[in-house]
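Coordinate-derived values only; no laboratory data. Only a predicted model underlies this, so the values are computations on that prediction, with no experimental measurement involved. Don't worry about glycine lacking a Cβ; one is built from the backbone with ideal geometry, like all the others, and counts go over all protein chains shown.
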Amino acid sequence: MTLTKRHISLGDWPLSNGGVLRDARLTALQYGTLNARRDNLVLIPCYYGGSARGSAPLVGAGSPLADGDYCVVLFDLFGNGVAASPSNAHPSQRGHRFPMVTLEDNVAAQAAALDAWFGPVEIALATGWSMGGMQSYQWAIRYPEQVRRLLPVCATARCWPHNRVFLDGVRSALKADATFNGGDYSQPPQAGLRAFARVYAGWAYSQAFSRRELYRDLGFDSIEALLRFWEEDHLAQDANDLLAVLAAWEAAAPGDGDLAAALGTIRARTLVMPSRTDLYFTVEDARHEAALIPGATLEILDSDLGHAAGAPGRDPASTTAWFNAMARLLKAPS
């Protein structure tokens, strides 16, 4: 599998909330090539805390995207430390000075990148996990004539109230570290990052995950070992980067509050795939949204891994279910 790095410099990119993102840079990975009909492009935006490379299992063995019939673009996300982010921004916007960049801003920049790289294209499928799925919704809302199929996994279009409670908890844990200093820190707020990670882990998996000791299937001999892994992962990330992307997640509200109107504009053949045990992108919220999308269907990932069930390549059974859903959608008329 060969993934080609792509990037685009967007200059001073106008933001939906006003102002600009200076020297905006967006990055992606590409697998496969665009066909002559320009209708085989598959779009996979980035999830929270990850990068485009984290979605690479979706073009790996067993995937309907693996044989090269599709041109797959895996995008990074503003704020994730690879694309323009607080940790690498123009000096005037570095750190806590980074502006509010929404999911709408990300999708608009992704559209500009695709147009620069390929010219006019049809999106055969927009899919993604978690915040990647949230962006795929935004793609189908913003470009209803361009997106033919939609498959959000463990995601909702809107950040629902209980989801915001979760986000406020992890953010508060990070900010409680005095070293954070309102985002103007001279060294990483390690205590805050560790607390952020441990609180987050309690939401990422279900109660049954702990009770059934499913962490052993992930290679950990105890919950404490799993939590230490989460700590180390978050210590490698920048605190302002984490909070910038979290702000985009929390602000997700398609249609400026009129969710029914926004979802009603979607013309893509849509399959919504939540996890049965997801604690913050819940089945109930996903089902409510699916009912607002013309012709949408809902299939539930039957997993005790919680939100983590949808992570690309994390749970073989859930990843296989995602592959099967992609295959069915891609074979169906758009």
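Compute the separation of the alpha-carbon centres of the range 126-183 and the range 224-286 and state it in Å as a whole number.
With the range 126-183 and the range 224-286 each reduced to a Cα centre, they are spaced 3 Å.
Order of 68-80, 224-236, 314-326 by packing, highest average Cβ count within 10 Å first? Walk me through the numbers before you get to the answer.
Working: 68-80: 25.4, 224-236: 15.5, 314-326: 18.5.
Most protected by this proxy first, the peptides run 68-80, 314-326, 224-236.
What translational D, rounded to a whole number of µm²/s, comes out for the range 163-246 from Stokes-Einstein when the hydrodynamic radius is the Kirkwood one over Cα pairs, at 20 °C and 1.002 mPa s?
Working: Rh = 13.4 Å.
Using the Kirkwood radius from Cα pairs, D works out to 160 µm²/s.
With each run of n ≥ 4 DSSP H residues scored as -39500 (n - 2.57), what mean residue ellipticity at 222 nm is computed for the chain after dividing by its residue count and rounding to the nearest 500 deg cm²/dmol?
The per-residue figure over the chain is -11000 deg cm²/dmol.
Have a look at Tyr48, Ala111, Gly306 and report the one farthest towards the positive end of the charge dipole of the chain, computed about the Cα centre with Cβ charges (Lys/Arg +1, Asp/Glu -1).
The Cα lying farthest towards the positive end belongs to Ala111.
Of the options Gly32, Gly183, Leu271, report the single residue whose Cα projects farthest towards the positive end of the charge dipole of the chain (beta-carbon charges: Lys, Arg +1; Asp, Glu -1).
Gly32
Please list 166-177, 209-220, 50-61, 103-114 highest first by mean number of surrounding beta-carbon atoms within 10 Å per residue.
Working: 166-177: 17.9, 209-220: 14.8, 50-61: 19.4, 103-114: 21.4.
The peptides rank, most packed first, as 103-114, 50-61, 166-177, 209-220.
Label Arg276 and Lys5 with points 7 Å out from Cα along Cα→Cβ: what is the distance between them in nm?
4.3 nm
Antiparallel versus total DSSP beta bridges in the chain: what percent is that, nearest 5?
Numbers: 13 of 31 bridges.
In the chain, DSSP labels about 40 percent of beta bridges as antiparallel.
Would you mind ranking Ser334, Ser85, Ser92 by Cβ crowding within 10 Å, fewest neighbours first? Could the numbers behind the result be given before it?
Details: Ser334 15, Ser85 24, Ser92 8.
Final ranking by Cβ density, sparse to dense: Ser92, Ser334, Ser85.
Tell me the Kirkwood hydrodynamic radius of the chain in angstroms, computed as one over the mean inverse distance between distinct C-alpha pairs.
Working: mean 1/r = 0.0500 Å⁻¹.
Final number for the Kirkwood radius of the chain is 20.0 Å.
About its Cα centre, how strong a charge dipole does the chain have in debye, to the nearest 20, once Lys and Arg get +1 and Asp and Glu get -1 at the Cβ?
In debye, rounded to 20, the chain gives about 420.
State the answer as a single residue: which of Ser136, Leu235, Ser63 lies farthest towards the positive end of the charge dipole of the chain, with beta carbon charges of +1 for Lys and Arg and -1 for Asp and Glu, about the Cα centre.
Checking the options against the dipole of the chain, the answer is Ser63.
Taking the Cα centre of the range 168-262 as origin, sum charge times position over the Cβ atoms of Lys and Arg (+1) and Asp and Glu (-1), and report the length of that vector in debye to the nearest 20.
Rounded to the nearest 20 debye, it is 340 debye.
Looking at the range 48-140 from every direction and averaging, what is the projected area of its Cα convex hull in nm²? Mind showing how you got there, number by number?
Working: hull surface 26.6 nm².
Answer in nm², one decimal: 6.6.
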